[in-house]
Amino acid sequence: MKATWDFYGRHAEEAELRKIADRGRWFFCEISGRRRIGKTALVNRLLERTKGKKIFYVQIPDSDPSGVLKSVNDALEDLDVPRVDFSLPRDLQQFAKLIGRLAENEYFVILDEFQYFHRKALYPFCSYLQAEVDRLRSRRDATGGLFVLGSIHNEMMAVLEDRRSPLFNRVTDRLEIRHLDFAALKEMWLAHSITDPYQHLFLWSLFEGIPKFYRDCFEQGVLRPDPHYRETILRELFFKGSSPLKTEADNWFLNEFRGRYESLLKILASNDGCTHARIIEEYSKIDSGTELRQIGGYLSILESKFQIIQRRLPVFGSKGVSRKARYYVVDNFLLSWLGAIERQIKAARVRPMDICVKTCSQRLETIEGHAFEKMVRLALEELSRKGDARFQITSRIEGYWNRPEDLSRSVEIDLLLVNDDMKTLRVATCKRSGEQLLRGRAEFDGHVEAFLRTKEGVRFSGYKIEKMAFAPALDAGIKKKLIGGGCQAVGFDELLAGL
């Protein structure tokens with residue numbers, strides 16, 4: 001039987017939206033999340049299952065008022081309703097009043113990319129909308145609702161949550177859409193007969209939990225078992241002239257990060273887990289001028305405004321300024337694009353495509369090694385949340401490192417699983433293969449012993465210390481050797497089975 005595409009996961013989010021829609025009174029719901037995460041698809045699924053409701057959808061362009069009004073008027077004409085009921089708005093104030101009239105007529109209004117109203121030219125709309133929202137909140141017969149969808153977290157907060165914003169405290173409901181969890185991904189992978197743990201890792205290191213990208217795989221016919229899945233997926237999704245993701249990063253990510261921001265992201269992608277000192281060192285090769293003093297500001301914007309990088313400290317590290325802090329590109333797709341894919345797509349203009357695809361696949365293996373550690377951490381946290389007795393933790397799973405500049409005294413631990421209730425500390429290492437785990441066993445043991453002697457490690461005096469080793473899959477022979485060396489040996493396929 002040929003596989004079909006379905007709607008995977010999102011059960012809690014669906015239930016929350018149905019609850020909002022079924023109240024029978026006006027609502028103003030904010031839905032936020034990364035681009036392509038499925039915000040619009042989730043709302044559309046709700047509306048398909050909500051009978052009797054009419055819909056008015058507009059994607060707000062990054063434009064001036066005339067560009068916004070053009071999009072609104074095009075959408076209004078598509079409704080095919082008498083103009084006497086809903087005349088075409090000629091300015092932003094009339095657009096706000098249109099939303100009010102639609103709500104009075106039981107419409108669900110959906111404004112996508114709402115964060116653009118933070119732009120100076122469009123910001124007056126917030127005051128006009130405030131007047132309509134306040135009026136609708138006081139009317140018991142207003143049974144429509146307003147969904148505002150946004151993908152830039154900082155700007156959505158500025159429009160809706162800043163005390164100085166006209167729309168402050170007007171939102172009735174908030175929903176943040178995150179990546180599909182591993183339970184949903186497992187459901188999808190099984191539906192398409194993908195059982196190879198290394199194919200799971202490859203797909204996740206590229207697309208994480210973004211449903212749109214998996215659907216692109218399905219529509220290109222590559223979401224299936226394939227002994228050559230790496231080259232096949234890369235070729236069909238990125239390298240061909242008609243490939244759907246060939247320009248995805250430029251169109252939806254990097255157009256907002258030109259210049260210094262893009263340079264910084266490329267440095268971070270090439271040095272995953274980069275210290276501030278290393279960033280300065282690498283950036284000085286590009287520009288040794290006064291811009292070096294402003295690097296901290298650029299990093300802060302990428303972290304706080306766009307949430308596209310993350311500054312991480314070792315477990316139990318101080319939240320203040322620390323030389324031990326490391327910076328990571330948190331989006332798997334962008335990390336893979338900047339670290340491996342983009343360069344080879346450009347090279348394919350003058351070199352044979354097959355050679356570029358193969359080179360890209362090889363470079364992605366390094367990125368997969370870093371991605372696997374993140375994959376294990378998130379899966380373990382998911383299992384703990386869902387009550388799996390094997391992996392209960394009492395604090396967020398983090399890694400530990402110290403003195404990165406002094407290799408002779410460095411300590412590097414991939415993951416620490418703390419259960420203060422059970423007085424248990426699990427120290428974990430993650431490698432892309434069982435053979436790598438065996439080769440690095442002595443080094444791992446040394447790092448564990450060194451960690452327990454640090455000031456952070458001594459707090460676990462009296463705890464039961466357990467060592468764990470993770471790989472995508474482990475055969476019986478390697479597992480036996482690891483267990484014999486005092487490690488619990490776990491394949492990611494076993495973690496997935498627990499979900």
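The values are calculated or read from the model by the stated rules, or taken from the named source; none is laboratory data. Note that the structure is a prediction, hence the values are computed from the model and not measured. When we count neighbours, we look across all protein chains shown, and the Cβ atoms used for this are built from the backbone with ideal geometry, even at glycine. The area values use the complete protein model at the heavy-atom level, side chains included, leaving out ligands, DNA and RNA. Shrake-Rupley method; radii C 1.70, N 1.55, O 1.52, S 1.80 Å.
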(message) Just the residues that are in a helix (DSSP H, G or I) and either farther than 22 Å from Glu161 by Cβ or of a type in the set (Gly, Ala, Ser) (or both), please, taken from region 20-34.
(response) Ala21
(request) For Ser127, indicate whether it is more than 30 Å from Trp5 (Cα to Cα), modelled with pLDDT under 95 and more than 26 Å from the chain's Cα centre (by Cα). (result) no
(request) Would you please name the residue that is modelled with the highest pLDDT, looking only at residues in region 352-391 that are more than 19 Å from Gly339 (Cα to Cα) and open to solvent by 70 Å² or more (accessible area, probe 1.4 Å)? (result) Pro352
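For region 220-237, which residues satisfy the criterion of being free of Cβ contacts under 8 Å to residues at least 40 places away in the same chain and open to solvent by 60 Å² or more (accessible area, probe 1.4 Å)? Lay out the reasoning, then the answer.
Looking only at region 220-237, we keep the residues that are free of Cβ contacts under 8 Å to residues at least 40 places away in the same chain, and these are 220-222, 225-229, 232-233, 236-237.
Answer for region 220-237, where residues must be free of Cβ contacts under 8 Å to residues at least 40 places away in the same chain and open to solvent by 60 Å² or more (accessible area, probe 1.4 Å): Gln220, Pro225, Pro227, His228.
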(request) Give the residues of region 7-31 that are of a type in the set (Asp, Glu) and loosely packed, with under 10 Cβ neighbours inside 10 Å, sorted by residue number. (result) Asp22
(request) Count, please, the residues in region 450-499 that happen to be among the basic types (Lys, Arg) and in a helix (DSSP H, G or I). (result) 5
(message) Against the conditions (1) closer than 29 Å to Gly462 by Cβ; (2) surrounded by fewer than 17 Cβ atoms within 10 Å (Cβ to Cβ), where does Thr424 fall short? Just the number, please.
(response) (2)
(request) Consider Asn419 carefully, then state whether it is of a type outside the set (A, V, I, L, M, F, W, C), in contact with a Lys or Arg (Cβ under 7 Å, 6 or more places away or on another chain), more than 30 Å from Gln344 (Cα to Cα) and touching a residue at least 12 places away in the same chain (Cβ under 8 Å). (result) no
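Mind checking which helices (runs of 4 or more DSSP H) fall wholly inside region 102-193 and carry at least 3 residues that are touching a strand residue (DSSP E or B) at 6+ places or on another chain (Cβ under 9 Å), crowded, with 20+ Cβ neighbours inside 10 Å and of a type outside the set (Gly, Ala, Ser)?
Numbers: elements: 124-137, 153-160, 182-191.
Fully inside region 102-193 and qualifying: 124-137, 153-160.
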(message) Conditions first: (1) in contact (Cβ under 8 Å) with a residue 12 or more places away in the chain; (2) surrounded by fewer than 19 Cβ atoms within 10 Å (Cβ to Cβ); (3) in a helix (DSSP H, G or I). Val68 passes all but one, so which condition is the exception?
(response) (2)
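Could you list, in sequence order, all residues of region 194-224 that are part of a helix (DSSP H, G or I) and under 13 Å from the mean Cα position of the chain (by Cα)?
Looking only at region 194-224, we keep the residues that are part of a helix (DSSP H, G or I), and these are 197-207, 211-219.
Within region 194-224, Trp204, Ser205, Leu206, Phe207, Pro211, Lys212, Phe213 meet the criteria.
When you check Phe95 against the structure, is it buried (at least 22 other Cβ atoms within 10 Å of the Cβ) and within 22 Å of Ala21 (Cα to Cα), yes or no?
No; evaluated as a whole, the condition is false for this residue.
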